[in-house]
1. Scan 113, 39, 52 and give me the residue that is in a helix (DSSP H, G or I) and either loosely packed, with under 10 Cβ neighbours inside 10 Å or in contact (Cβ under 8 Å) with a residue 24 or more places away in the chain (or both).
2. Could you pull out the residue among 110, 21 that is more than 24 Å from the chain's Cα centre (by Cα) and at pLDDT 85 or above?
């Protein structure tokens, strides 16, 4: 991954002839991010095309029903993803706090047992 301080340092320290090298590095880093997303999109398009070809053999009503079902699924999926994106940080924070509390109580128990013994 490219961090902003590396980009700035490279652009400041680069001589005038190294502009092409900097562009090649940036293009490589961009492609490392873009290629998996593009392949995922192509896979989804291929799957939708296959679904449509198989459902299309059943008739117009089946294609219309599949389109309606996809719309209902998409709305519910989007709603669920919104809930998960809100709950995930809260769950991680609670899990971290639980581990912190366990550590705190373990230290308290050790200190109490250490003073008693």
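1. Just a single option satisfies the conditions, and that option is 113.
2. Matching residue, one of 110, 21: 21.
Yes or no, residue by residue, for (1) at pLDDT below 90; (2) exposed (fewer than 10 other Cβ atoms within 10 Å of the Cβ):
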{"residue": "7", "(1), (2)": "yes, no"}
{"residue": "13", "(1), (2)": "yes, yes"}
{"residue": "29", "(1), (2)": "no, no"}
{"residue": "45", "(1), (2)": "no, no"}
{"residue": "79", "(1), (2)": "yes, no"}
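The values are calculated or read from the model by the stated rules, or taken from the named source; none is laboratory data. Being a predicted model, the structure only gives us computed values, none of them experimental. Note: ideal-geometry Cβ built from the backbone for every residue, glycine included; neighbour counts use all protein chains shown.
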